[in-house]
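Just so it is clear, none of the values below were taken in a lab; they were calculated from the coordinates. Only a predicted model underlies this, so the values are computations on that prediction, with no experimental measurement involved. Ideal geometry is used to build each Cβ from the backbone, glycine not excepted, and the neighbour counts take in all protein chains shown.
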Amino acid sequence: MDYIPVVNTSLLNLNDNEDYDSFERSFSDFSLKSGVVVKSYDISDKDNVSKTDVEFDVLTVSQNKDLGTASVIYRHCQLMQSFGSIADYSEHTIRLPKKNVKLSTAPQDDTGAVVLLLCLNGNQSKGIIIGALRHAQRKSNISKSKDISYESEFNGLNYKIGTDGSLTITFKSATDEKGKPKDSKAGGSYLKINKTGQIELNSGNDDYLTIDKTNKDVKAKAGRHIDINATKNVDISAGQDLNVKTTKDLIAQAQGNATLKASSQFKIQSDSLLEIKSSSSKIDAGSVFTLKASQIFVKGSLIMLGSGGTPAIVFSTQFLGIGNLGAPVVSQAIGPFSSSVFIAS
């Protein structure tokens, strides 16, 4: 980024007046200053001095007693850290303006970050950004009418804490220098914890997961798919009813055994065809087994009734019945005969 020339901190001191002493200005600069970040130097940048931190140039307006003001750029300033240890740290970058900064531009009219600056040990060549001020172009959201006690936003990720202790984290997508989302379709997802401890994770398209701490309920909804995948077991346990409903097909598949067990009545109901298919089947009823239908068809090359025995009807089969006169009569089977249906002898 190109800049209009300004007075550098090392050149602010060319004055014969003893009160405007060059050395004092360079090494006794203890005043707290506000300014606008106008340039950054990545750690890999060849112009980065420290080679350990991202550095920033800050444009400030400096005044020396009653001798007037001057625009000053404090160069290669470092950003104050939150923790400062090897294991504990917090790092971030600072938003830069899109356009070149003019000397006549007031900080509140620029889109760069407005920061607070101090010089380490008063040395102007060791500027430290210690904080920031609210930008004049951004209105504060902290008010009683909005019930917000804390709010922050960084590159489209917004955090709000209400006066009731609730927390809302909203994803807006990355934003430009004025805070406008770059991809409004991607934004809208949020995580919310209300004052009762209820947790809601919502995509903004009515796809959600809700954990209701008060009622001890968990609800999930997806516009399309919900996938549950585990390398080992998936256990589902219900203290009362377990209801599964689908508007289309229900498919359950097991590579090993499949067991359905009920401690009391077990029902299978179909409004259409009920089909059971297997390489072999076995039905074992402890007491009564009942088949009821208007028609029953039993097909098989061999059909055994009971423990098996002789064919159900052969040429020599005789039937005992009552004749026309009411007397017992014995008749011979005419046919058809069966050698595939066996009854117990």
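Could you calculate the contour length gain from Asn205 to Ile43, that is, 0.36 nm times the residue separation minus the distance between their Cα atoms, to one decimal place in nm?
Working: separation 162, 0.36 × 162 = 58.32 nm, distance 4.03 nm.
Between Asn205 and Ile43, full extension yields an extra 54.3 nm.
What are the semi-axes of the equivalent ellipsoid for region 132-185, taken as the square roots of 5 times the Cα gyration tensor eigenvalues, largest first, in whole Å? Don't jump to the answer; show the numbers that get you there.
Numbers: eigenvalues 85, 46, 15 Å².
Equivalent ellipsoid semi-axes, largest first: 21, 15, 9 Å.
Each label point was placed 7 Å from the Cα along the Cα-to-Cβ direction; for Gln332 and Ile296 their separation is 3.2 nm. Hydrodynamic estimate: the Kirkwood radius of region 237-305 over Cα pairs, inserted into Stokes-Einstein at 4 °C and 1.567 mPa s, corresponds to D of 78 µm²/s. Size of region 144-221: Rg and Dmax of its alpha carbons, in Å, are 13.8, 43. The Cβ shell under 13 Å around Ser82 holds other residues with a net charge of -2, Lys and Arg each +1, Asp and Glu each -1. Against the empirical curve 2.2 N^0.38 Å, the C-alpha radius of gyration of the chain lands at a ratio of 2.11.
By the Kirkwood approach, averaging reciprocal distances over each pair of separate Cα atoms, region 303-344 gets a hydrodynamic radius of 11.4 Å. Under a Gaussian network description of the chain, with springs only between Cα atoms under 10 Å, the residue in Gly256, Gly321, Gly84 that fluctuates furthest is Gly321.
Packing, taken as the mean count of other beta carbons within 10 Å per residue, orders the peptides 111-124, 330-343, 197-210 from highest to lowest as 111-124, 197-210, 330-343. Note on the chain: antiparallel DSSP beta bridges, both residues inside, total approximately 90 percent of the bridges counted.
At R0 = 41 Å, how high is the FRET efficiency between Glu275 and Ala344 if r is their beta carbon distance? Nearest 0.05 is fine.
0.85
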